[in-house]
Amino acid sequence: MYVVGLDIGYSNLKLVMGDAYADRPNRSIVMPSGAGPISYMPQRLGGDDRPKDFIRVIVSGEEWVAGVEPGRLQAVDRELHKDYFRTDAYTALFHAALIQADRAVIDHLVTGLPVYQYQDNDARERLQKFMTGTHNPAGERMVKVTKVSVLPQPAGAYMDLLRGFEDIELLDEGRVLIIDPGLFSVDWVTLEGGEIRGASSGTSLKAVSVLLEKVNDLIAEDHRGRVGVDQLERALRRGGSKVLLYGNRIELEPYLNKAVEQVAAEALTSLRQAMRTDDRNIDVVMIAGGGAEAYREAVVEIFPKSRVFVPDEPVLSNARGFWLFGI
């Protein structure tokens, strides 16, 4: 049996895949989540308007590209809204994932939804129905997805935590909070004994995109010019410490630190309020997702006595956990 853990985010497309009876997955992939009609790609010098650094897919009979930096697509607005999983861009990224899996049959595909959408039975069932069955992602060969499981987004990170945490008894007996700061939303889920505590789980829409907008504003205040959110996102995704503005390289760290002070704590306000109504303290907090490090300090401030854990490669944490759930 072949299992794929799939995390289609607003910033990155993440896949972890491999045989169900293996100790570890065969492959892990992280790609930018840009997707749009191929006609929106810029033309390269020399006339090659179809470069090889993206995946071609078919969406509603039209040729699209997927897995590109969002800033490369011309005249395409980012899909930063709650109905993302219903969009053509999401379909394009799903098709790209099927191509990257490189299998005629995927026995079990596990993916996730933001907590507030997972709690909507219709949304969960719609996504499951959409992904299950036979697909023709590039108009060339069919891919069959036999079974699909949909989890609340941070639950994948919880499965990843189970694999890498040194004190399994603590996770079994204690209360665990998983926080997943993504580009569009900050999701959190509370688990106790492997069971989701719905009243202490939720979503805030003040997320990493708001953080990047604040960085952009702070740079503009000092340099009278805007770098752009897409370029900031690209730099952070690649681990860069500088961005170009007017031909000069601007250090990102001081602006990012200042933005985190102003935005991250605000983004976690809803989480803080949800925890206040709970009569049980949090024992372990895990921060997953691409914004994990940016939110660490704010999380420690809210939960100063809890054990705060950030995994290796946190951007892959949900996808790894989805794969572990599948096997």
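May I ask you to verify whether residue 107 is at pLDDT 95 or above and acidic (Asp, Glu)?
Numbers: at pLDDT 95 or above: yes; acidic (Asp, Glu): yes.
When the stated conditions are applied, residue 107 passes them.
Limited to the stretch 91-125, what total is found for residues that are touching a residue at least 24 places away in the same chain (Cβ under 8 Å) and either assigned to a loop (DSSP other than H, G, I, E, B) or surrounded by fewer than 16 Cβ atoms within 10 Å (Cβ to Cβ) (or both)? Result for the stretch 91-125: 6.
The one condition from (1) assigned to a strand (DSSP E or B); (2) under 20 Å from residue 324 (Cβ atoms) that residue 172 does not meet is (1). Going by what's in this entry, would residue 46 be described as over 19 Å from residue 15 (Cβ atoms), out of contact with any helix residue (DSSP H, G or I) (no Cβ under 7 Å at 6 or more places or on another chain), of a type outside the set (Asp, Glu) and modelled with pLDDT of 85 or more? No, not satisfied. Among the residues of the stretch 236-253, those identified as over 20 Å from residue 292 (Cβ atoms) and surrounded by 12 or more Cβ atoms within 10 Å (Cβ to Cβ) are 242, 243, 245, 250. Are any residues in the stretch 266-325 farther than 28 Å from residue 107 by Cβ and among the hydroxyl-bearing types (Ser, Thr, Tyr), and if so, which ones? 269, 270, 277, 295, 306 - these are the residues of the stretch 266-325 that are farther than 28 Å from residue 107 by Cβ and among the hydroxyl-bearing types (Ser, Thr, Tyr). Scanning the stretch 283-295 for residues that are at pLDDT 90 or above and farther than 12 Å from residue 318 by Cα yields a total of 3.
Which residues, taken from the stretch 104-128, are within 20 Å of residue 326 (Cα to Cα) and over 16 Å from the mean Cα position of the chain (by Cα)? Spell out how you get there, then give the answer.
Quick first cut of the stretch 104-128, residues within 20 Å of residue 326 (Cα to Cα) only: 104-115, 118, 124-128.
Residues satisfying the conditions are 104, 105, 106, 107, 108, 109, 124, 125, 126, 127, 128.
Give the number of residues within the stretch 231-254 that are among the basic types (Lys, Arg) and part of a strand (DSSP E or B). Talk me through it step by step, then tell me what you get.
Of the stretch 231-254, the ones among the basic types (Lys, Arg) are 234, 237-238, 242, 249.
Next, only the ones that are part of a strand (DSSP E or B) stay: 242, 249.
Matching residues across the stretch 231-254 total 2.
What number of residues within the stretch 194-227 satisfy the criterion of being modelled with pLDDT of 85 or more and either surrounded by fewer than 15 Cβ atoms within 10 Å (Cβ to Cβ) or assigned to a helix (DSSP H, G or I) (or both)?
Step one: of the stretch 194-227, the residues modelled with pLDDT of 85 or more are 213-227.
Now narrow it down to the ones that are either surrounded by fewer than 15 Cβ atoms within 10 Å (Cβ to Cβ) or assigned to a helix (DSSP H, G or I) (or both): 213-226.
Number satisfying all stated conditions: 14.
Restricting 88, 172, 122, 102 to residues that are out of contact with any Phe, Trp or Tyr (no Cβ under 6 Å at 6 or more places or on another chain) and at pLDDT below 90 narrows the list to 172.
Yes/no matrix, rows are residues, columns are (1) assigned to a loop (DSSP other than H, G, I, E, B); (2) modelled with pLDDT of 95 or more; (3) closer than 30 Å to residue 302 by Cβ; (4) more than 15 Å from the chain's Cα centre (by Cα):
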{"residue": "130", "(1), (2), (3), (4)": "no, yes, no, yes"}
{"residue": "158", "(1), (2), (3), (4)": "no, no, yes, no"}
{"residue": "163", "(1), (2), (3), (4)": "no, no, yes, yes"}
{"residue": "179", "(1), (2), (3), (4)": "no, no, yes, no"}
{"residue": "183", "(1), (2), (3), (4)": "yes, no, yes, no"}
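Of all residue pairs spaced 6 or more apart or on separate chains, those with beta-carbon atoms under 6 Å, a first member in the stretch 54-72 that is under 18 Å from residue 234 (Cα atoms) and among the small types (Gly, Ala, Ser) and a second member that is at pLDDT 95 or above and crowded, with 23+ Cβ neighbours inside 10 Å are 66/57; 66/92; 66/93; 66/96; 67/96.
The values are calculated or read from the model by the stated rules, or taken from the named source; none is laboratory data. From a predicted model like this one, the values you see are computed outputs, not experimental measurements. Neighbour counts run over all protein chains shown; Cβ positions are idealised from the backbone, glycine included.
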